[in-house]
């Protein structure tokens, strides 16, 4: 199909219609072209425009028919309520091809479909059983879904009479050749509607026979009626074989086919000499109107001996102006919005109004001579209920308010109150954890009450975990959520079921103790912020913002950064707050934190070993976890105090700082042995958390190769000095000296096992070493245990391996390497 043809016709039509009319749809199928122009006043109310084409000429049904026969259609929605479908067709030709014409019409009706209407479509509630409304449901629509269907075109149905009889009957009424009144070119543009008001008038009928042939008797209407008794379309409708339920206005015009081109009233004079027929027709159907009128017709016929309400056609002695007489044309007293008139009318009434169509005129343009057909035209008046946008918006708002009110009354409602820290009252909104430190455990609680009239099921909404695929978490890793108190717990979901008036508590526990989180927070890549979503099933979700202020920590930093912190800056915390991003020179050979912890441990261990205690009964104390005396939350709180001293560059003897995070009811005095244990543990964690470690992973292959080989081990130490920052070598050397002294102290003789200084206690000459034998044997065994345990824990903390965890052989190699530098013990 050449689109230039349709564009050319559209341009001609646009020039002919009044100014402002808009072509809202155009569809072509070979020689068929359907264009729909809409007035500027109506166009804003036209939506859901869709077009379709069905070919019935040649081809396979599976792929669709193509050819010079078929139909095109346009679907419009007007006023958000009325579906109007217009179909233009060209059915099979030849007088004896009636069945094929019926088949063509059936194919068009069955296969023509349109896109679903838009979501804002309102439609009509038919209001009567058996009459479906216009609920599209988002499905593809057929032409049968139309409220009003207008079907026009070259239907090609013929008059089943001999050609000579038809021509003879009409010969006296044929107009003589008159000057043409219709040019074959495009019409001159019409004046705008608002400039020249005009009424649409019925085009004039052909001249009366008396005007053309004075001797003729003016009985054209009778001649037409007698010929239409033999019209194929009427017969097919009467037999319910085609166009069932369609109506047509009364035909008052000469047959539209077939004329010699260029003549007003000369029948086909070619050798074929086609018989005159009304091939070109305009039909309509209003959805539901026929069924509704049928029910009314049956009601009127009760008591009659002869029931004739099924007669659809009258052609003899009919006073009606519509050949197709249906029950809708019977005069029934009723109040109508449209004026009563003897014009073809179809009306469907329903509770909220009525859909009506009235044909104002139906005729042909006899003076058009550019085709062998005479164009057939008709004008209709249509009325129907339409949506008023302002009223629709108002009604929608009112309905939404009512629905919202009803839903609020029925849906579960909970109230969440965050308990204020210190028990001074309650506050709504965010959960503030205040200052947050590394490894510090902080808790906040909330009260959740069912303040509605229905039972409420509550739980926190999960989200995908960042490090485990398929796992869900309700909060970030460092925050735990627990339900306590009234209500029934939900097994496996961590939620609660609360009946009206019931309350429960939610406890939020924050503890940032993983190295990855501490580093992210130190570098500002992460914040102590989150949002929890408390899901109220079938109710409104409650959003709970979580917040806190992260305090900088020395844990997880690198040696090169820590040796730049000056004395008096307030530790890493004060230095970071005052000099973020500044570059300082190296001030120390090793970090101040390392000096503080090692000096504290040596100072107090020298005093502790003077008397028997845990160090003597538990070899490897205080560096081995299975030797510790202090545990639980007290130990964790004390560790927080130790880190606070380190991060603020305070002395580790500052009891006020060490115990600042203790529970108020913990009144037990702080003992030196507790602090020594925790400082030893913090020292090992601090070494393990260093960014590059003391002996970085780049050196690991050399460490593994060296093992207990002293020469190779010394080469590794040289590499630490030359290839990496000197601070790594400095710290390594410093730690080996510290480890040597620790092993020496913790391997000291146990006071009770030392030889007695009493002169009376003289050993037998036969046993000169009897007095020192217990210490010699036991002391050597204890010393080996202490040394091996110290080397294991410090080797694990000092030496890094590429890829993470060490195997048993890796650990043996790391211990052997470290032992090279403490072999004198």
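Odds and ends about this structure:
- Positions within the stretch 798-812 being under 22 Å from residue 738 (Cβ atoms) and part of a helix (DSSP H, G or I), in sequence order: 798, 811
- Of note, residue 487 satisfies the criterion of being in the same structural domain as residue 515 (by TED's automatic domain parsing), at pLDDT below 90, more than 29 Å from residue 633 (Cα to Cα) and surrounded by 15 or more Cβ atoms within 10 Å (Cβ to Cβ).
- Residue within the stretch 374-388 that is within 32 Å of the chain's Cα centre (by Cα) and part of a helix (DSSP H, G or I) present: no
To keep it simple, each residue is scored yes or no on (1) outside the structural domain of residue 788 (by TED's automatic domain parsing); (2) part of a helix (DSSP H, G or I); (3) out of contact with any helix residue (DSSP H, G or I) (no Cβ under 8 Å at 6 or more places or on another chain); (4) closer than 17 Å to residue 593 by Cα.
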| position | (1), (2), (3), (4) |
| --- | --- |
| 719 | no, yes, no, no |
| 727 | no, yes, no, yes |
| 730 | no, yes, yes, yes |
| 735 | no, yes, no, yes |
| 741 | no, yes, no, no |
| 744 | no, yes, yes, no |
| 749 | no, no, no, no |
| 752 | no, yes, yes, no |
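- Residue 144 modelled with pLDDT of 95 or more, more than 30 Å from residue 219 (Cβ to Cβ) and surrounded by fewer than 14 Cβ atoms within 10 Å (Cβ to Cβ): no
- Just so you know, in the stretch 438-463 the residues that are within 31 Å of the chain's Cα centre (by Cα) and either under 30 Å from residue 662 (Cα atoms) or without any contact (Cβ under 8 Å) to a residue 40 or more places away in the chain (or both) include one that is surrounded by the most Cβ atoms within 10 Å (Cβ to Cβ), and it is 448.
- Pair list, Cβ < 9 Å and 6+ apart or interchain, from the stretch 710-727 residues that are at pLDDT below 90 to residues that are exposed (fewer than 14 other Cβ atoms within 10 Å of the Cβ) and not in a helix (DSSP H, G or I): 725/586; 726/586
- Residues within the stretch 642-681 that are outside any helix (DSSP H, G or I) and over 53 Å from the mean Cα position of the chain (by Cα), tallied: 10
- Just one residue in the set 394, 374, 405 is over 30 Å from residue 46 (Cβ atoms) and modelled with pLDDT of 90 or more; that residue is 374.
- Scan the stretch 154-172 for residues that are in contact with a helix residue (DSSP H, G or I) (Cβ under 8 Å, 6 or more places away or on another chain) and either at pLDDT 90 or above or on the phi > 0 side of the Ramachandran plot (or both) and the total you get is 10.
- For the stretch 497-556, the set of residues classified as more than 29 Å from residue 484 (Cβ to Cβ), touching a helix residue (DSSP H, G or I) at 6+ places or on another chain (Cβ under 9 Å) and surrounded by fewer than 17 Cβ atoms within 10 Å (Cβ to Cβ) consists of 515, 525, listed by residue number.
- Test for residue 258: is it closer than 25 Å to residue 359 by Cβ and over 59 Å from the mean Cα position of the chain (by Cα): no
- Listed here are the helices (runs of 4 or more DSSP H) enclosed by the stretch 529-641 that have at least 3 residues being within 56 Å of the chain's Cα centre (by Cα): 559-562, 571-578, 592-608.
- Restricting the stretch 100-112 to residues that are farther than 16 Å from residue 84 by Cβ and touching a residue at least 60 places away in the same chain (Cβ under 8 Å), the residue that is surrounded by the fewest Cβ atoms within 10 Å (Cβ to Cβ) is 106.
- All of (1) at pLDDT 95 or above; (2) assigned to a loop (DSSP other than H, G, I, E, B); (3) surrounded by fewer than 21 Cβ atoms within 10 Å (Cβ to Cβ) hold for residue 235 with one exception: (2).
Here is a yes/no grid of residues against (1) within 17 Å of residue 70 (Cα to Cα); (2) crowded, with 18+ Cβ neighbours inside 10 Å; (3) in the same structural domain as residue 109 (by TED's automatic domain parsing); (4) more than 42 Å from the chain's Cα centre (by Cα):
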{"position": "9", "(1), (2), (3), (4)": "no, no, yes, yes"}
{"position": "13", "(1), (2), (3), (4)": "no, no, yes, yes"}
{"position": "21", "(1), (2), (3), (4)": "no, yes, yes, no"}
{"position": "25", "(1), (2), (3), (4)": "no, yes, yes, no"}
{"position": "29", "(1), (2), (3), (4)": "yes, yes, yes, no"}
{"position": "34", "(1), (2), (3), (4)": "yes, yes, yes, no"}
{"position": "41", "(1), (2), (3), (4)": "no, no, yes, no"}
{"position": "46", "(1), (2), (3), (4)": "no, yes, yes, no"}
{"position": "55", "(1), (2), (3), (4)": "yes, yes, yes, no"}
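Residue-by-condition table, conditions (1) at pLDDT 90 or above; (2) closer than 24 Å to residue 746 by Cβ; (3) buried (at least 22 other Cβ atoms within 10 Å of the Cβ):
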| residue | (1), (2), (3) |
| --- | --- |
| 656 | yes, no, no |
| 659 | yes, no, no |
| 663 | no, no, no |
| 667 | no, no, no |
| 674 | yes, yes, no |
| 689 | yes, no, no |
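- Test for residue 271: is it assigned by TED's automatic domain parsing to the domain that holds residue 220, in a loop (DSSP other than H, G, I, E, B) and within 59 Å of the chain's Cα centre (by Cα): no
- Enumeration of residues in the stretch 418-454 that are at pLDDT 80 or above and over 30 Å from residue 634 (Cα atoms): 448, 449, 450, 451, 452, 453, 454
The values are calculated or read from the model by the stated rules, or taken from the named source; none is laboratory data. All of these numbers come straight from a predicted model, not from anything done at the bench. Note: ideal-geometry Cβ built from the backbone for every residue, glycine included; neighbour counts use all protein chains shown.
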